[in-house]
Amino acid sequence: MEAIQFHLGEKTLELITKPIPEIKDPKQILVKVAYSGICGTDLHIIEGHFPCNSNGLVLGHEFSGVVVEVGSEVNQFTKGDHVTVDPNNGCGMCYFCHSGDPHFCKTGGINNTIGIYRDGGWAEYVLVPEKQVHKLSENITLEQAALTEPISCLSHGWDLISPITMGNKILVTGAGIIGNLWVALLHLQGHRRVTVSEPNDSRRELLKKLNTGFQCITPDELKERQKNDADYLFDLIIDCTGSAAAIEHAFSLLNAGGTLCIFGVAPPHAKISISPFEIYKKEIRIVGVNINPFSFPKSLGFLESLSDRYLTFEKLGVKMFSLKEYKQAIEQLKKGAIAKAVFKI
């Protein structure tokens, strides 16, 4: 089979041919990948800014596909099932796992993720544990299901920042795929006082395809409005940039009682400077969001609700590539010419 392999030492990607993985555990499932996304985390990994398995790794933690073979003890899935895969899994034995927080597990969670520490979906086939596989309903296409993992992270974030009061002024910073999905989710839930900040002209144009009516402005315009109006503030700000400068500026735009949701993944070395007095004075709440504990079922529910109204690749600014076109896909993502790249396999 064809696969894209990453080598941490050399920071190189290459298209390789390797054997189709064989089931060695009775609880494993072999999935023929249909669609596999390139995540911002993948770009951080390729740049050497995010930890991963250093021994030659097939990336890809956002993917959907079809079951082609099951282990002898698998009883919830059969050949031909359309599925999506939760790449994260706790050890099931530690304090965090027993407390319902497997994403904090020191041996599991992000430290054992398919596509980060185990071979993932940038390949024609991938071997996964049964307990991490989710069957798709007839109302969800394989194309839409490629977004299950990112939406599962949004679902976790939604739970952490809820309730979001109707009528709140909301700012979303960044109009990549995550920003666009937040926009879709907020609009689906009835929120209308939403502003989006995005510096890239192409991404601002792509956002219009969602037809939400939300304002989309540049960060410079955001600063200008703040300069001209001391009350230009927001009750909820969702950062999807992972930029320390953007997060620091967002803090200054919070209304009293406001919430800053840090959703974008910043480089580990990044720092911000904020005033603890302002946190005290305004009773500011800062919420971090780390992956997706037990939120795949909710994500599948969101997929059904969002449906074609929001979740077509064209509307979201998603472009499809073959595995052979991985260099073009990464280049277009880095330039901001598209919101997301997905391999169609």
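Label-to-label distance, C91 versus E248, with points set 7 angstrom from Cα along the beta-carbon direction: 3.8 nm. Charged neighbours of L254, selected by a Cβ distance under 14 Å, balance to -2 (K, R count +1; D, E count -1).
Of the residues I279, Y125, G65, the one whose Cα sits farthest towards the positive end of the charge dipole of the chain is I279 (charges of +1 on Lys and Arg Cβ, -1 on Asp and Glu Cβ, taken about the Cα centre). Here K271 is the anchor, and the aspartates and glutamates within straight C-alpha reach of less than 17 Å, apart from those fewer than 8 places off in the same chain, are D239, E248. Taking the 1.4 Å solvent-accessible surface of the chain as the whole, the part contributed by carbon and sulfur is 51%. Convex hull volume of the Cα atoms of the chain, normalised per residue: 136 Å³.
In percent, rounded to a whole number, the relative contact order of region 186-249 is 27, using alpha-carbon pairs under 8 Å and six or more apart. Beta bridges from DSSP with both residues in the chain: antiparallel share about 55 percent, rounded to the nearest 5.
Between the exposed loop cleavage positions of the chain, defined as trypsin sites (Lys or Arg not before Pro) in a non-H, G, I, E, B DSSP state with at most 10 neighbouring beta-carbon atoms within 10 angstrom, the longest gap is 25-270.
Put a dot 7 Å past the Cα of E10, heading toward its Cβ, do the same for E221, and the two dots end up 4.5 nm apart.
With both labels modelled 7 Å from their Cα along Cα-to-Cβ, the T107 to K209 distance reads 4.5 nm.
Can you compute the FRET efficiency between K79 and K334 using 1/(1 + (r/R0)^6), with r the Cβ-Cβ distance and R0 = 45 Å? Round to the nearest 0.05. Mind showing how you got there, number by number?
Values: r = 39 Å, r/R0 = 0.86.
For R0 = 45 Å, the calculated efficiency reads 0.70.
Taking a straight line from the alpha carbon of K340, these lysines sit under 23 Å away, with near neighbours fewer than eight places off in the same chain left out: K11, K32, K208, K209, K298, K315, K319, K324, K327. Over the chain, DSSP H runs of length four or greater, each weighted -39,500 (n - 2.57), average out per residue to a 222 nm ellipticity of -8500 deg cm²/dmol.
Just need the relative contact order of the chain here, percent rounded to a whole number, with Cα pairs under 8 Å and 6+ apart. Relative contact order here is 19 percent. Entry comment: accessible area of the chain is 45 Å² per residue, from protein heavy atoms only and a probe of 1.4 Å.
The values are calculated or read from the model by the stated rules, or taken from the named source; none is laboratory data. Since we're looking at a predicted model, the values are computed, not measured. Note that each Cβ is placed from the backbone with ideal geometry, even for glycine, and that neighbours are counted across all protein chains shown. With ligands, DNA and RNA removed, areas are computed over all heavy atoms of the protein, side chains included. Shrake-Rupley method; radii C 1.70, N 1.55, O 1.52, S 1.80 Å.
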